[in-house]
Each structure stands twice: as structure tokens, then as C-alpha cells.
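Note sheet for the following structure.
What follows draws every value from the coordinates through simple rules; no lab data is involved. The structure presented is a predicted model; accordingly, all values stated were derived computationally and were not measured. Methodologically, a virtual Cβ is constructed for each residue, glycine included, from the backbone with ideal geometry; neighbour enumeration extends over all protein chains shown.
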Amino acid sequence: MSQDLSILFEPFQLKGLVLKNRFVMPAMTRARTPAPGTPTELNALYYAQRAGAGLVIAEGTNPVPGGSGFPGVPAIFTPGHVDGWRRVASAVHGAGGKLFVQLWHGGRISSAAWQPDGRPPLGASAVKAENALFVTPDGQRGQPDVPREATQAEIDWLVEGFAKAARNAIDAGCDGVEIHGANGYLVHQFFSDRANVRTDGYGGAPRNRIRFAVEIAEAIAAEVGPEHTAIRISPLAAYQDAPVSDPSDVYPLLLAELDRLDIAYVHCVEGEPSGINTGQGAPEREFDFPAARRLFRGAWIANNGYDPERAARTIAAGDADLVSFGRPFISNPDYPARVRLGAPLNPIDNSTAYAGQAERGYTDYPALETEPAVA
Ligand SMILES: Cc1cc2nc3c(=O)[nH]c(=O)nc-3n(C[C@H](O)[C@H](O)[C@H](O)COP(=O)(O)O)c2cc1C
């Protein structure tokens, strides 16, 4: 390991939790949890294999029924789900890691066929996502339906559902939850002036568009404590047709509210998810990530296309406390150990990223041999 990477191996105090290093595994949907979304022994093994990260964030997980638009996604709203998550939390803790679960409602990136009541999915407004990445329940790529604009009663139900899901995660032994407020899904749809054309207190002015996210964060913090509450945002992402045309108005307001709530961390995707991170937005939608980081006093996780050198520089500059590495953790269960040793990395097999035959491309990526064979 070259000297300048040593900062990545320093522990970090995340509220009451000591993370052993600055590597975070971000939420990544792997589509390997069969219906009804109860995590399996295989899922537990996959996450335990990756417990060398200071923090593991489990993949997008539905907090309420009807939040999905992809097959194989876990959920966390029934006692059975909680038993499954207990298995994952205990495996990750047994391997020396810490675990947050990402709470993901897809909103309008769904269809009536995914809904328990067969009605159109919920959205901020009845605006269809164009050119969305969406998968039907029988595994075909398709186009999502025109959503229904969530009523006030439905918004209240969703907020309560997120808080109950957080309670379930803590009851299962997880260390906290991350609200999926990024990448064009439900919470982000409220931020977006394309997906959200409401005229009530949840639409229009930036202060209104952040209201849903703030209510969820408040409800979770009240239920399980702010130290177990976190959020992911992607200020420049236009993914799933939900750009925010005025990110420099919306996100500083949101960060001020999150700062007031004193939640554990903000996880920030810079640019388009899984895209090339130049550190710059489209010229018409500038966003100053280092300045945003300074609006929030809790921990900051940077993400998107980082390599260890850039991660170390970013942390040393005070622009993040932790950095998440997505694709490297898919194919390298022991990614931090490889970085420490300067060992070669396993290449990722993109064809098995979102599904495949269970173990293949999931739990069968090799770790380094830790013990030399005895002659
Ligand atoms: C297979 C796959 C699944 C993903 N699923 C999620 C998800 O469930 N929630 C989320 O917030 N981001 C998801 N992402 C985005 C990653 O968390 C991360 O932001 C992205 O891979 C960029 O980081 P990287 O360059 O280090 O890979 C996914 C990415 C990949 C490759």
C-alpha cells in the first residue's frame, strides 16, 4: 500500500458506531431474494463476505407493499422479512462488519402489475417516466405505467411505513437505515420538478419538494433515533427521467433540515449513478459537492467512480469522511484487503450483476488466499 492511501484504513466514529475503515459498500440491487422478499442464507453469506468494508449498506429494500418495480428485491415490512434480515445482520456482525439497510420505494418506476391492489403505482404526480429502466414481474424490460398522484393520506401512510420499516431493521439487529433519496425513485421524484408538478405543500417551491424526504427522515429519527437514520441523494442525476433543474436551490435546503435532525450520514452520488464521475455536472445544472458537504455536520459518504487514490485525496481534503465503492465490491468481496496489499482485482461480470443463477457472479467471486499453504 502506498503511504498516501493510509487514511482509508483509519477508523471512523459514526455516531455510536466505530467503523474499522473508510470503505463503504453502497446499496446495490442484486435481484437474488425470491418473493416475498425475505433475505436468504445466500444473501447473508454475500453480505458477510463483504464485511471487510467499514460499513455495508444492504441493497434497496421495500419498506411497504407496492414499492417495487424489479424482481428479486428484498422487503422489510412483515415479521418473516424481519427474520430474514436478522440472519443478514448476524452474519455481517459475525464477520466484524456494520450494516445499514437502504429503504427503497420505486414510486412511478413500477406498474399496476406490481401493485397488490392492481391500481397504478404511486408517484409524486401523474407524470410517466420516459425511457425508464423498468422490469415487469415476469422479468421483461418494459415501460412503467402512468402513476397516481399520492394523496395526503397515502403520503402519511408512506411516511409511517418508512418509520415502521426502520423499526423492523433495528429489531432485526441492523445498525441503521438509509433512505433512498437518489437515482430517480420515489423520494427523488418529489425533488424533481419534472416528476413532481403538484400544487399542494409537496410541490412547486424547493421547500415544498423536500417536504416528503424531511418528513420521512423525521419519522425515522423519532422512531429509532437520528444516529440510526441516514439518506442517499444524487443532486445531478437525471436517471429515471427525474432531473432536478435547480439542485443548488433544492439540496442546500434539504441539507439544512438534515443537519437540524442530526442524522448519521448523507451519502452523495456525484453525477449519474454508475456513470463517469468527472466531478462536474452538466453545465446547465452546476452543483458544488464540496460546498454541499459543508452544509451538513454529520458524516458524508462520497460515491461514484472513485478509485482508492481519489478517495484518499477526497477524505484528506475534508470533502468526505467515507467513500463508497460499488462495482469493486461486487467482484472483490475483500476489496479493502486488496487495496491494502496492492493486489490485483477480479473483473466484474456485468451479465450477472442484477440476477443470474443465484451464486454465480454473487458469492463465487474469490477472495485472496489469506493463509499460505503449508508445505
Ligand atoms: C448492480 C448495481 C445495482 C445497484 N443498485 C442500487 C441500489 O439498490 N440503490 C442505490 O442507491 N444505488 C444502486 N446502484 C448504484 C451504486 O450504489 C453506485 O452508486 C454506483 O455503482 C456507482 O458507484 P461505483 O462507481 O463505485 O460502482 C447500483 C449499482 C449497480 C452496479
Which loop GluC sites (Glu not before Pro) in the stretch 91-191, with loop taken from DSSP, have no more than 12 other Cβ atoms within 10 angstrom of their Cβ? Glu130
For the stretch 1-52, the percent of all C-alpha pairs falling in each 5 Å bin, from 0 up to the bin holding the max distance, is 4, 14, 19, 19, 14, 14, 9, 4, 2, 0
Just to verify a number: FRET efficiency for Ser6 and Ala291, C-beta to C-beta distance, R0 = 45 Å, to 0.05? 0.95
Could you state the angle between the C-alpha long axis of helix 79-94 and the longest principal axis of the C-alpha atoms of the chain, as a value from 0 to 90 degrees rounded to the nearest 10? 30
Restricting to bridges with both residues inside the chain, how much of the DSSP beta-bridge set is antiparallel, in percent to the nearest 5? 15
Extension gain (nm, one decimal) between Leu133 and Ala95, 0.36 nm per residue minus Cα-Cα: 10.2 nm
Based on the alpha-carbon gyration tensor of the chain, what equivalent-ellipsoid semi-axes (square roots of 5 times the eigenvalues) come out, in whole Å, largest first? 31, 24, 19
By how many degrees, 0 to 90 and rounded to 10, does the Cα axis of helix 211-224 deviate from the longest principal axis of the chain? 50
Binning at 10 Å from 0, report for the stretch 292-375 what percent of all alpha-carbon pair distances ends up in each bin. 16, 37, 28, 16, 3, 0
For the pair Leu345 and Glu359, the simple spin-label estimate (label points 7 Å beyond Cα toward Cβ) gives in nm 2.6
For the chain, find the longest principal axis of its Cα atoms and tell me its angle to the long axis of helix 152-171, 0 to 90°, nearest 10. 20
The chain - percent relative contact order, Cα under 8 Å, separation 6 or more: 16
